[in-house]
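The values are calculated or read from the model by the stated rules, or taken from the named source; none is laboratory data. Worth saying up front: this structure is predicted, and the values here are computed from it rather than measured. When we count neighbours, we look across all protein chains shown, and the Cβ atoms used for this are built from the backbone with ideal geometry, even at glycine. For the accessible areas, the whole protein counts, side chains as well, though only heavy atoms, and no ligand, DNA or RNA atoms are used. Shrake-Rupley method; radii C 1.70, N 1.55, O 1.52, S 1.80 Å.
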Amino acid sequence: MKLVALLTTVAAIALAAPAAASAAQFEGTVVSVNRDNRTFRLHDSERGTVRIKVTNRTRFERIAGFGSLRQGMTRIEATVRRSNGRWVASSVERSGGGGRHGDDD
């Protein structure tokens, strides 16, 4: 009985691990935008350039939507997941520029 419980636990962990490993976050500069395919290429200085697919479920923050993405935009963050061999964005946002958030001095 304990062996069955152990095997069930190990199987659950093994199944959950690939899902967590398939999510990622990229941050950088928009290299290009393909409006027809609803994709854009983002250059992350640490990870290189990736092609990211945008769907109707992608959330945008501090960007008016996919139509507002332009080549050369900086400080763009994309939270993505792997789907059918592609990076698909769950969210795309313009990161804050640092500054003094909430500081009234």
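Here are a few things to note about the model shown:
- Largest first, the residues Glu93, Glu46, Glu61 sort by 1.4 Å accessible area into Glu46, Glu61, Glu93.
- Residues Arg70, Arg38, Arg94, sorted by accessible area with the largest first, give Arg70, Arg38, Arg94 [1.4 Å probe; ligands and nucleic acids excluded].
- To the nearest 10, the accessible area of Phe26 is 10 Å² with a 1.4 Å probe.
- Positive minus negative residues near Arg62 (Lys, Arg vs Asp, Glu; Cβ under 12 Å): 0
- A full extension of the chain between Thr55 and Ser68 corresponds to an added length of 3.2 nm, given 0.36 nm per residue minus the alpha carbon distance.
- Less than 5 angstrom separates the built amide H of Met73 from those of Val30, all sequence-distant by 5 or more or on a different chain.
- Apportionment of accessible area to carbon and sulfur, the range 32-96, percent (1.4 Å): 38 percent
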